[in-house]
Amino acid sequence: MTHIPVLCEEVIRYLKPYSSGKYVDGTVGSGGHAAGILQASEPDGMLLGLDIDSYAVSTADIALKMFGERAIVKKSSYVEMDSCISDLGWHKVDGIVLDLGLSSQQLEKAERGFSFNLEGPLDMRFDSTEELRADDIVNSWPQHEIAKILYELGDETQGNKIARALVSARPINSTVQLAQIVANCKRQSKVGRHVATKTFQALRIAVNKEIDNIVNVLPKALEMLAPGGRLAIIAFHSLEDRLVKRFFSKESQDCVCPVEQITCVCNHHATITRVNRKPISPTYREITDNRRSRSARLRVAEKI
Ligand SMILES: C[S@@+](CC[C@H](N)C(=O)[O-])C[C@H]1O[C@@H](n2cnc3c(N)ncnc32)[C@H](O)[C@@H]1O
């Protein structure tokens, strides 16, 4: 199954790509958003697409071939976008999109270990050259550390119970084995959702250091934007969306002193305006066509 880009029309509408503009897709995946940006910025707009997954890089490379030299695809973390941009001889860019999380292609490849429905190794790395895998966490981290990530990264209220079950079931070697252990110890809380959804989400976020990456990329992305340039971020998880929301809120204020401070001492100046205060969600139609889109939230900011 090909990956259907989420909120694609909205991303294009808010980024407003134009010919002669330069754009970065920091999570190029299968190239869906990237192709939309390249089409909207015809005939001369340029796009740099980054991904840490080599398989995604080859997929995007093929998908964007039709745009010739206007599309450049590179294997790199979005956290390194500043050096990738300057390697091209570009100074600043006119728009950046980040579509966080994992793609349908990653989820559907059993050997990547992202899916509780497909028998596979407990891998879950976006970048297969990184060392940490999900089986390292479940088989060697202390129980309290596992409980902590389940709670913080998976919003899993039964994290202690699940962590205890995982530790006593060691060694755990496959996705289906992990899902079964969770199913045996956890009460089903929401109809229609697999009991292991939150455990898999927490492990994936921990393996790929997704929270640290978001915290690190936000100031860099702002720094790389030209005045009037826009940053569009799609988050699928409340923790990620909250980080983006707080960052945009702080960066859009002239003073960030505590309320009890009568005169400003922070010397902070707003660097962005928020294009939308409330996050943009997919329409009912998009959710019906692509269920994966249902938890997506898009926030957009414009560099002053
Ligand atoms: C939801 S998919 C993006 C799909 C893409 N927008 C499209 O239209 O096909 C997220 C992608 O981000 C990539 N990714 C995750 N963390 C990354 C990072 N730190 N740097 C670059 N890419 C990353 C994943 O490998 C995955 O391919």
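We did not get these values from a lab; they are worked out from the coordinates using the rules stated. No experiment lies behind these values; they were computed from the predicted model shown. Positions of Cβ are generated from backbone atoms using ideal geometry, with glycine treated the same way; all protein chains shown enter the neighbour counts.
Restricting the calculation to Cα atoms, the chain yields a radius of gyration followed by a Dmax of 20.2, 60 Å. Shown for Ser19, Ser252: other C-beta atoms within 10 Å of each C-beta, ranked fewest to most, produce the order Ser19, Ser252. In a reduced charge model with +1 at each Lys and Arg Cβ and -1 at each Asp and Glu Cβ, the chain shows a dipole moment near 1120 debye about its Cα centre.
The charge dipole of segment 1-155, taken about its Cα centre with unit charges on the Cβ atoms of Lys, Arg (+1), Asp and Glu (-1) only, comes to about 460 debye.
Approximating the spin labels as points 7 Å out from Cα along Cα→Cβ, the Cys257-to-Asp289 distance works out to 5.1 nm.
With helices as the sole contributors, the chain gives -12000 deg cm²/dmol at 222 nm; each DSSP H run of n ≥ 4 counts as -39500 (n - 2.57), and the sum is divided by every residue. Straight-line cross-link reach from Lys16 at under 23 Å between alpha-carbon atoms covers these lysines, not counting any fewer than eight positions away in the same chain: Lys65, Lys92, Lys220, Lys245, Lys278, Lys303. Going by Cα centres, segment 175-229 and segment 129-160 are how many Å apart? Here the two parts' Cα centres lie 11 Å apart. Relative to the longest principal axis of the Cα atoms of the chain, the long axis of helix 210-224 makes an angle of roughly 0 degrees. Taken along the Cα-to-beta-carbon direction at a fixed 7 Å, the label points for Glu152 and Leu88 span 3.4 nm.
Taking a ≥ b ≥ c as the square roots of the Cα gyration tensor eigenvalues, with a/c under 1.5 meaning rounded and otherwise prolate when a/b beats b/c, else oblate, which class fits segment 13-154? Cα axes put segment 13-154 in the prolate bin. Placing dummy labels 7 Å off each Cα toward the beta-carbon, the span from Glu130 to Thr273 is 3.7 nm.
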